[in-house]
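Chemist: My structure is below; once you've seen it, I'll send some questions.
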Amino acid sequence: MNKFWIILSHTYMTRLKTKSFYISTAIILLFIIGMANFQTIVDIFSSDDKDTIAVIDKSDVLFDSLQESVSNSNEDVEIVSVDESEGVIKESVREGIYKALVVLELNEDQVPEATYYSNTITETAVQMVLEQQLQQLKIAMATQAAGIDQATITEIYEPITFQRIALNESAKTDEELNQARGIVYIMLFLLYIAVLMYGTIIATDVATEKSSRVMEILVSSASPVTHMFAKITGIALLGLTQISLFVIVGYTLIQSKQEELTGGIFEYFGIQDTSPTVYIYGIIFFLLGYLLYATLAAMLGSLVSRVEDVQQLITPMTLLVVAAFLIAMFGLSMPESTLVTVTSFIPFFAPMLMFLRIGMLEVPFWEVAISISLLIGTIILLALIGSRVYKGGVLMYGRSSSLKDMKKAIELTKKE
Amino acid sequence: MTLLLNNVTKRFGENIAVNNLSLEIPESEMFGFLGGNGAGKTTTFRMILGLLDRTNGDISWNGETINYDKSHLIGYLPEERGLYPKLKVRDQLIYLGKLRGMSKHEVDSELNNWLERFKVPEYIDKRVEELSKGNQQKIQFISAVIHKPKLLILDEPFSGLDPINVEMLKEAVLELKNQGTSIVFSSHRMEHVEELCEHLCILHNGDQVVQGSLRDIKRSFGKKNLMVHGDFSVDFLQDIPGVLRYKKVADGCELQIEHEDVSQKVFASLQGKGFVRKFDLEEPSLNDIFIEKVGAAYE
């Protein structure tokens, strides 16, 4: 067996067998399952009992209309009219018989006013319902007093039609844009998480081998460059295993809940019908983005002597990823801005931003080609520098761990 | 399978780590590499293994350069010990063995033999971090020799071991040598080198200060050690011309003399002084030579 495959399978298998891998996978799977069953979980925890709210209506005209509109709303709230004095009812609220007490009255302008008494006022949902209903009641009363009939009111509140149509024939329609936004969003998130998570794993793995000093034996039996790329590929396969597991579980759950879920969240994320080119570009940019950052991570990992220093040294890389992600988030609503266009050619941002442009706009092929070529060129350059840094870095032990060591590491591989 | 170093120099910037080193290590030979801390031993080993590029000179093994295609023929025990702390001994050696071109099956049978030999068969399923330092070292040694290398580089192989384990490892090293492995061996412990190596060199700050066969080195050194034990005070011996060093011990003294002829003058001066219990002319120890050569270079 080729040494590349030996190192790759070792990296993959040992990581696969670690507890931390099981735990992180389990946590994310639980999260996915939780998300898919969100509605069910909410239903379990919310009791069927309606909160009862006592109402003292000093005006004698408000209660009936309020009760009608509250019961028409979907909230689990029930209001009852009570005749006892405020003091008695407040006591009952304290004892938990009623959720709250609302005192209704009409002021001198014949406008409804309400005071809400409850043990705590932290739970705003019920308060909001009552407030909204009273607000509508006020509008109804005011318009009635002004002699405007109900039909006119409905007409006034009717939402207007606002259609968006792109004149450029190849531009995406409103519907397509929404879908694209969804898929771009998912891809940005995946890349962001993958780079941060697996980049850290690579850097830590290299640093662990260095700090345990097993590295010197490894690089005496296989070339550091083989070692570096086998490691990067091994962790990439690990990532693919994890991600496919999530996708399979997610997909199965979605299939089993198709009726509940069709439309809604799916339509929003545009998974139902997006053109395959977007997916292909998605995969290309994902892989290239991963490779770029993974090479960087391996190089940085080779510079530290202690695992504790990894985090410190990969901070610049993390910041790059975060910056790319933030620009992309901003770009989701303004894909045509100059910032997005320019950064879509800068290799460290391109995987996210060029993909965003492809998803949201009609980008000429040559632009995509330039961006991809620049990206590949940078990866090759980084791999060349990285492998030299790696070769020297793995033999270098010292207290300091800074980017200055990169120069030292390259010098170590020089002939003099 | 001769290892040849020809005028090898390594510079790190301004600093010369190894200067113009030439060596020849034939097959089935154990070569001792001595030197103080920072003398350039590890740098030389790394150059032989190709981990560092040399600035000048040539290194060849059997007429060819050493590269990763030959790594299954080479064994390396680095001075800084390193194994995966969390991996079990067997998994560890299967991985390292595979990288040296062995199959899993071969590793298994060899590993069992070695663990039996080192009397630690129960460690096969233990994680390395659970083992004591000395036992980790045995595992490390096994990882360097499990693939039966033809060229074995041992950087301080016996440090941190108790005398019983040192003997066990020494025996194993000698057996490998007799099976035809060329061994390069570095140590701070002169007695180990004296015992195991026929040829050796001493490095100091990158310069080779002594090189040759152990016997020649001792002979050409000239100075000898003389031990005198007597029932009377032997202090006067230090005044005899040719006595370089005088060290008082419980029963007498140890002298270093310029040449073996001086011993006869010492012998004559002892006549009639009293009862002489011991008069012993010895070859200089490697320790003396090392201190003299390296110490002189320090001054």
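Chemist: Check every one of the helices (runs of 4 or more DSSP H) wholly within the range B:31-117 and list those with 1 or more residues that are more than 8 Å from chain A (Cβ to nearest Cβ) and under 30 Å from B:Glu198 (Cβ atoms).
Modeler: B:41-49, B:104-117
Chemist: Restricting attention to the range B:101-108, does a residue exist that is modelled with pLDDT of 90 or more, more than 17 Å from B:His147 (Cβ to Cβ) and among the acidic types (Asp, Glu)?
Modeler: No, the range B:101-108 contains no residue that is modelled with pLDDT of 90 or more, more than 17 Å from B:His147 (Cβ to Cβ) and among the acidic types (Asp, Glu).
Chemist: A further question on this structure: Any idea which of A:Ile148, A:Ile165, A:Ile232 is surrounded by 17 or more Cβ atoms within 10 Å (Cβ to Cβ) and away from chain B (no Cβ under 14 Å)? Break it down into steps so the answer makes sense when it comes.
Modeler: Working: A:Ile148 fails: surrounded by 17 or more Cβ atoms within 10 Å (Cβ to Cβ); A:Ile165 fails: surrounded by 17 or more Cβ atoms within 10 Å (Cβ to Cβ).
Exactly one of A:Ile148, A:Ile165, A:Ile232 is surrounded by 17 or more Cβ atoms within 10 Å (Cβ to Cβ) and away from chain B (no Cβ under 14 Å), namely A:Ile232.
Chemist: Next question, about the same structure. Restricting attention to the range B:154-192, and to residues there that are at pLDDT below 85 and outside any helix (DSSP H, G or I), which single residue is surrounded by the most Cβ atoms within 10 Å (Cβ to Cβ)?
Modeler: B:Ser187
Chemist: If you don't mind, another one. Pull out all pairs, ordered by first then second residue, where Cβ-Cβ is under 7 Å, the residues are six or more apart or on different chains, the first lies in the range B:80-92 and is crowded, with 22+ Cβ neighbours inside 10 Å, and the second is aromatic (Phe, Trp, Tyr).
Modeler: B:Val89/B:Tyr123; B:Gln92/B:Tyr84
Chemist: Among residues belonging to the range A:385-416 that are hydroxyl-bearing (Ser, Thr, Tyr) and buried (at least 18 other Cβ atoms within 10 Å of the Cβ), point out the one that is modelled with the lowest pLDDT.
Modeler: Only one residue tops the list, namely A:Ser401.
Chemist: In the range A:209-229, what residues are under 15 Å from A:Arg388 (Cα atoms) and either more than 8 Å from chain B (Cβ to nearest Cβ) or under 36 Å from the mean Cα position of the chain (by Cα) (or both)?
Modeler: A:Pro224, A:Val225, A:Thr226, A:His227, A:Met228, A:Phe229
Chemist: Please find, within the range A:61-80, the residue that is nearest to the chain's Cα centre (by Cα) out of those that are within 16 Å of A:Leu101 (Cα to Cα) and β-branched (Val, Ile, Thr).
Modeler: A:Val77
Chemist: Inspect all residues belonging to the range B:193-202 and state whether any of them is closer than 17 Å to B:Met30 by Cα, touching a His at 6+ places or on another chain (Cβ under 8 Å) and not polar (S, T, N, Q). Explain how you work it out, then say what you get.
Modeler: Step one: of the range B:193-202, the residues closer than 17 Å to B:Met30 by Cα are B:193-202.
Imposing the further condition that a residue be touching a His at 6+ places or on another chain (Cβ under 8 Å) reduces the set to none.
Among the residues of the range B:193-202, not one is closer than 17 Å to B:Met30 by Cα, touching a His at 6+ places or on another chain (Cβ under 8 Å) and not polar (S, T, N, Q), which makes the answer no.
Chemist: Looking at the range B:249-297 only, could you name the residues that are among the hydroxyl-bearing types (Ser, Thr, Tyr) and touching a residue at least 60 places away in the same chain (Cβ under 8 Å)?
Modeler: B:Ser285
Chemist: Quick check: is even one residue across the range B:134-148 closer than 25 Å to A:Ala230 by Cα and in contact with a His (Cβ under 8 Å, 6 or more places away or on another chain)?
Modeler: The answer is yes; a qualifying residue exists.
Chemist: Now for a separate question. So, in the range B:16-29, exactly how many residues are more than 13 Å from chain A (Cβ to nearest Cβ), surrounded by fewer than 23 Cβ atoms within 10 Å (Cβ to Cβ), not β-branched (Val, Ile, Thr) and not in a loop (DSSP other than H, G, I, E, B)?
Modeler: The total comes to 4.
Chemist: When the range B:257-277 is examined, which residues are found to be surrounded by fewer than 18 Cβ atoms within 10 Å (Cβ to Cβ) and not hydrophobic (A, V, I, L, M, F, W, C)?
Modeler: Initially, the range B:257-277 is screened for residues surrounded by fewer than 18 Cβ atoms within 10 Å (Cβ to Cβ), giving B:258-261, B:264-265, B:267-277.
Passing the criteria: B:Glu258, B:His259, B:Glu260, B:Asp261, B:Gln264, B:Lys265, B:Ser269, B:Gln271, B:Gly272, B:Lys273, B:Gly274, B:Arg277.
Chemist: Being more than 14 Å from chain A (Cβ to nearest Cβ), surrounded by fewer than 20 Cβ atoms within 10 Å (Cβ to Cβ) and part of a helix (DSSP H, G or I) is the filter here; which residues of the range B:124-150 pass it?
Modeler: B:Ile124, B:Asp125, B:Glu130, B:Gly134, B:Asn135 - these are the residues of the range B:124-150 that are more than 14 Å from chain A (Cβ to nearest Cβ), surrounded by fewer than 20 Cβ atoms within 10 Å (Cβ to Cβ) and part of a helix (DSSP H, G or I).
Chemist: Name the residue, out of A:Leu332, A:Leu353, A:Leu375, A:Leu382, that is over 30 Å from B:Leu51 (Cα atoms), surrounded by fewer than 22 Cβ atoms within 10 Å (Cβ to Cβ) and in the same structural domain as A:Leu177 (by TED's automatic domain parsing).
Modeler: One residue alone meets the criteria, A:Leu332.
Chemist: Okay, next question. Can you name the residue in the range B:193-214 that is in contact with an Asp or Glu (Cβ under 8 Å, 6 or more places away or on another chain) and outside any strand (DSSP E or B) and is also modelled with the highest pLDDT among such residues? Spell out how you get there, then give the answer.
Modeler: Of the residues in the range B:193-214, the ones in contact with an Asp or Glu (Cβ under 8 Å, 6 or more places away or on another chain) are B:198-199, B:213-214.
Next cut, outside any strand (DSSP E or B) only: B:198, B:214.
Numbers: B:Glu198: 86, B:Leu214: 82.
Per the criteria, the residue is B:Glu198.
Chemist: Now a separate question. Of the conditions (1) in contact with a strand residue (DSSP E or B) (Cβ under 8 Å, 6 or more places away or on another chain); (2) closer than 26 Å to B:Asn37 by Cβ, B:Lys218 fails just one. Which one is it?
Modeler: (1)
Chemist: Sticking with this structure for a sec: Among the helices (runs of 4 or more DSSP H) contained in the range A:1-99, which hold 1 or more residues that are away from chain B (no Cβ under 14 Å)? Before you say what the answer is, go through the steps one by one.
Modeler: Numbers: elements: A:3-16, A:19-36, A:38-45, A:62-72, A:86-95.
In the range A:1-99, the matching helices (runs of 4 or more DSSP H) lie at A:19-36, A:38-45, A:62-72, A:86-95.
Chemist: Please work out which one of (1) away from every other protein chain (no Cβ under 14 Å); (2) assigned to a loop (DSSP other than H, G, I, E, B); (3) not polar (S, T, N, Q) is the condition A:Leu395 fails and give its number.
Modeler: (1)
Chemist: Next question, about the same structure. In the range B:235-258, what residues are among the charged types (D, E, K, R), over 14 Å from B:Leu281 (Cβ atoms) and assigned to a strand (DSSP E or B)?
Modeler: Correct list: B:Arg245, B:Lys247, B:Lys248.
Residues are listed down the side, and each one gets a yes or a no for (1) of a type in the set (Val, Ile, Thr); (2) in contact (Cβ under 8 Å) with a residue 60 or more places away in the chain; (3) touching a Ser or Thr at 6+ places or on another chain (Cβ under 7 Å); (4) not in a helix (DSSP H, G or I):
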| position | (1), (2), (3), (4) |
| --- | --- |
| A:Glu308 | no, no, no, no |
| A:Leu313 | no, yes, yes, no |
| A:Leu320 | no, no, no, no |
| A:Ala328 | no, yes, no, no |
| A:Pro335 | no, no, no, yes |
| A:Leu339 | no, no, no, no |
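The values are calculated or read from the model by the stated rules, or taken from the named source; none is laboratory data. In this text the structure is predicted, and so the values were computed from the model without any measurement. Heads up, the Cβs are rebuilt from the backbone with ideal geometry, glycines too, and the neighbour counts pull from every protein chain shown.
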